[in-house]
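Notes to accompany the following structure.
Each value in this text was obtained by applying a stated rule to the coordinates, not by laboratory testing. From a predicted model like this one, the values you see are computed outputs, not experimental measurements. Glycine gets a Cβ as well: all are built from the backbone with ideal geometry, and neighbour counts include every protein chain shown.
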Amino acid sequence: MSVSFGAGRLRGTMRVPGDKSISHRAFMLAALAEGTSVISGANEGADVRATRDAVAALGARVEPIAVGFSVTGSAWHDPHGPLDARNSGTTARLLMGACAGHGVHARFDGDESLRRRPMERIARPLRTLGAEIVTTSGRLPVSVRGVRSPDGREFELEVPSAQIKSAILLAMLAARGVAVVGGDQRSRDHTERMLRHFGRDVSFDGRTVVLRPGTMQARDLRVPGDLSAAAFFFVAAAITPGSDLLVRDVGVNPTRSGILDALELMGADLSIARRREVDGEPVADVRVRYRPLKAIEIGGDLVVRAIDEIPVLCVAAAHAQGTTTIRDAAELRVKESDRIATMAAVLRGCCIGAQETSDGLTIVGGAARIPDKTLTSRGDHRIAMAIAALAAPTGGHTVDDAACIAISFPGFAELWAAAQARDAGTTKVSGEAAG
Ligand code: S3P
């Protein structure tokens with residue numbers, strides 16, 4: 001499927017789909033809790049569908065209801081066939097952890113992209129519990145033979161990754177003793193917050209998590225809007241003259257809000273209102289209006305707190321005055337695509353100066369008229385949506401493999417067109433939608 005994204009300012013008030021990270025965790029924790037939880041506002045993209053299907057295969061009852069899904073937890077059993085995480089790293093990694101600590105024997109697989117991504121980083125800590133984990137040269141397919149009620153233990157993260165941290169915490173939910181996970185760098189803390197919501201005794205300070213033994217009771221949970229999805233709209237509004245966009249009810253968890261901090265440092269006109277907490281997660285309304293941006297340096301824990309927004313921050317950098325440097329972002333090389341290489345190729349394809357380094361990029365800003373281009377996202381949903389933002393101020397870009405957008409944001413092109421149509425949008429969708 002190809003989609004052409006046109007030039008045009010973005011205006012109006014909107015909501016974005018439910019947060020993908022929080023949705024995965026909601027289905028997993030509800031599937032392990034005692035009783036029935038109602039989850040509303042969950043992300044309905046392909047990644048979260050993979051998690052829903054997997055927890056059902058492990059024994060939870062998942063039913064669509066008017067307000068979302070009802071999920072009834074159970075003692076997990078071995079699934080009948082392999083668990084297919086498709087494109088979803090979070091599904092594979094977090095569920096490998098949960099199976100490893102709940103005595104489940106399961107085989108995990110995924111699509112071509114997920115089969116290229118590293119899994120030993122998850123397997124290594126889980127093996128210390130006594131679980132047998134066999135990877136295929138460090139990647140999927142992976143087989144897990146879990147243990148029941150592991151002993152308490154201390155872990156040190158080898159990379160500041162919320163997926164590794166969460167895999168360990170899910171593995172230690174049924175532990176007899178205390179689990180301590182150190183070495184974090186403010187990676188997203190949704191698992192920790194949600195464990196508290198489901199009644200667990202957990203403390204965390206951005207560096208170390210301490211989880212004490214206990215059980216989980218069913219709880220209803222409302223998933224906030226996905227800041228990572230809103231980010232494409234924020235950046236497009238920030239760089240496109242005449243834009244004024246308000247996104248309501250979006251998650252602004254400080255371990256995820258690096259995108260807002262980076263845009264503020266670049267001089268964006270951004271305001272955050274109606275800050276509140278919904279089921280343990282900070283939520284707000286965020287308004288962005290056009291104002292010229294300036295280049296900045298992005299590194300350290302700002303990268304960890306904006307890890308999925310670096311592609312769209314590259315777009316902001318292309319339209320900022322000066323040269324932006326992104327470093328400490330080597331993790332981007334092992335995401336859905338090598339996002340450093342893919343973004344450098346996209347920007348250079350639009351005649352924007354972009355240089356790859358081992359752990360980031362430098363981007364020469366001040367893009368004037370970008371010629372209309374047909375670009376590939378290499379099957380990476382966040383790159384495809386970043387290309388839409390790149391087109392908003394000046395160009396008209398066609399993404400020739402846009403079906404991948406449905407991984408996290410079904411209906412993206414229509415919402416984008418609606419935000420531009422309040423003006424003179426030209427976004428066109430052609431071909432078959434993803435199945
Ligand atoms: C995620 C964590 C991040 C992020 C991914 C989702 C999660 O990965 O890139 O899209 O839901 O825990 P890492 O924690 O491996 O950096």
Item checked: Most mobile listed residue (363, 122, 272) in the chain, GNM with C-alpha springs under 10 Å -> 272
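Note down the magnitude of the dipole of region 1-102 about its Cα centre, charges +1 on Lys and Arg C-beta and -1 on Asp and Glu C-beta and zero elsewhere, to the nearest 20 debye. Before the final figure, lay out the partial values.
Values: 10 positive and 8 negative charges, 106 e Å.
Computed about the Cα centre, the dipole is about 500 debye.
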Next item on the list: Compute the longest continuous run of the chain that contains no exposed GluC sites (Glu not before Pro); treat a site as exposed when its DSSP state is not H, G, I, E or B and it has at most 13 other Cβ atoms within 10 Å.
Entry: 159-431
Notebook entry, point to check: What size of dipole, in debye to the nearest 20, comes out for region 20-215 about its Cα centre when the only charges are +1 on Lys and Arg C-beta atoms and -1 on Asp and Glu C-beta atoms?
Noted result: 200
Item checked: Mean separation of Cα contacts under 8 Å (6+ apart) over length of the chain, as relative contact order % -> 20
Notebook entry, point to check: Which value in deg cm²/dmol, rounded to the nearest 500, describes the helix-derived mean residue ellipticity at 222 nm for the chain, given -39,500 (n - 2.57) per DSSP H run of n ≥ 4 and division by the residue count?
Noted result: -9000 deg cm²/dmol
Check: Going by alpha carbons, how many degrees (0 to 90, nearest 10) lie between the helix axis of 20-32 and the longest principal axis of the chain?
Finding: 10
Next item on the list: Could you work out how far helix 339-349 tilts from the main Cα principal axis of the chain, as a 0 to 90 degree angle to the nearest 10?
Entry: 10
Notebook entry, point to check: Under a 5 Å amide H to amide H cut-off, with H placed in plane at 1.01 Å, what residues pair with residue 298 once short-range neighbours are removed?
Noted result: 325, 326, 327
Checklist line | Relative contact order (%) - criterion: Cα under 8 Å, at least six apart; region: region 20-215 | finding: 17
Notebook entry, point to check: Of all DSSP beta bridges located in the chain, what percent are antiparallel, nearest 5?
Noted result: 75
Notebook entry, point to check: What distance in nm separates the simple spin-label points at residue 149 and residue 178, each placed 7 Å from Cα in the Cβ direction?
Noted result: 2.1
Next item on the list: Report the convex hull volume per residue for the chain, counting only C-alpha atoms, in Å³.
Entry: 119
Next item on the list: Would you order 257, 40 from fewest to most other beta-carbon atoms within 10 Å of each residue's own beta-carbon?
Entry: 40, 257
Notebook entry, point to check: Under the definition of Cα pairs under 8 Å and six or more residues apart, what whole-number percent is the relative contact order of region 254-299?
Noted result: 38
Next item on the list: Kindly express, to the nearest 10 degrees and within the range 0 to 90, the angle between helix 412-421's C-alpha long axis and the longest C-alpha principal axis of the chain.
Entry: 30
